[in-house]
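> Have a look at this one.
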Amino acid sequence: MGELTRGVRLGVDVGQVRVGVARSDPHGILATPLVTLARDLTAAPDAVPSDMTQLAQLVAEHEAVEVVLGLPVNLAGKLGPAARHVTAYADRLADVIAPVPVTLTDERMSTVVASRRLAERGVRGKRQRAVVDQAAAVEILQSWLEAQRRRTE
């Protein structure tokens, strides 16, 4: 197993209403919040939803080498309706941003952990809802980066 290839990665938390996005540094050490996008649920079936167009722009702008999407596996380790929804989103996104790869990673508890960390910092209510998706994307990307580092040590 080689070292993690150098380059910025984007972490994505796909929700029903919003998409949280985080980015890593080129060395793959630290994930930081980037932006929250509104889900475009009104796009025609043959059109690219605006949130995916915005993600493609972020991939280009940050010269991302990979996009890591959180896969909501349930606590029993099974894929429920939310996971199937994210898998379909990932497949569609992969077509939009090709040849940049889309990787799915277990994101169990990322939103819970993000919410708890924000609350510990005194961020609550509406302010928390505004940033929890970005914070969840940070959790997803950071844990994925750390897992990659453990595999290469």
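The values are calculated or read from the model by the stated rules, or taken from the named source; none is laboratory data. Worth saying up front: this structure is predicted, and the values here are computed from it rather than measured. Please note that ligands, DNA and RNA were not included when accessible areas were found on the heavy atoms of the full protein model with its side chains. Shrake-Rupley method; radii C 1.70, N 1.55, O 1.52, S 1.80 Å.
> I'm checking my understanding of the structure. Among residues of region 95-109 that are assigned to a loop (DSSP other than H, G, I, E, B) and at pLDDT below 95, which one is nearest to VAL14 (Cα to Cα)?
Ranking the candidates gives GLU107 first.
> Same structure, new question: Among the residues in region 120-141, are any open to solvent by 30 Å² or more (accessible area, probe 1.4 Å) and under 11 Å from the mean Cα position of the chain (by Cα)?
Yes, that holds for at least one residue.
> Quick one: VAL112 ticks every box in (1) at pLDDT below 95; (2) in a loop (DSSP other than H, G, I, E, B); (3) of a type outside the set (Lys, Arg); (4) farther than 17 Å from GLU146 by Cα except a single one, so which number is it?
Going through (1) at pLDDT below 95; (2) in a loop (DSSP other than H, G, I, E, B); (3) of a type outside the set (Lys, Arg); (4) farther than 17 Å from GLU146 by Cα one by one, VAL112 breaks only (2).
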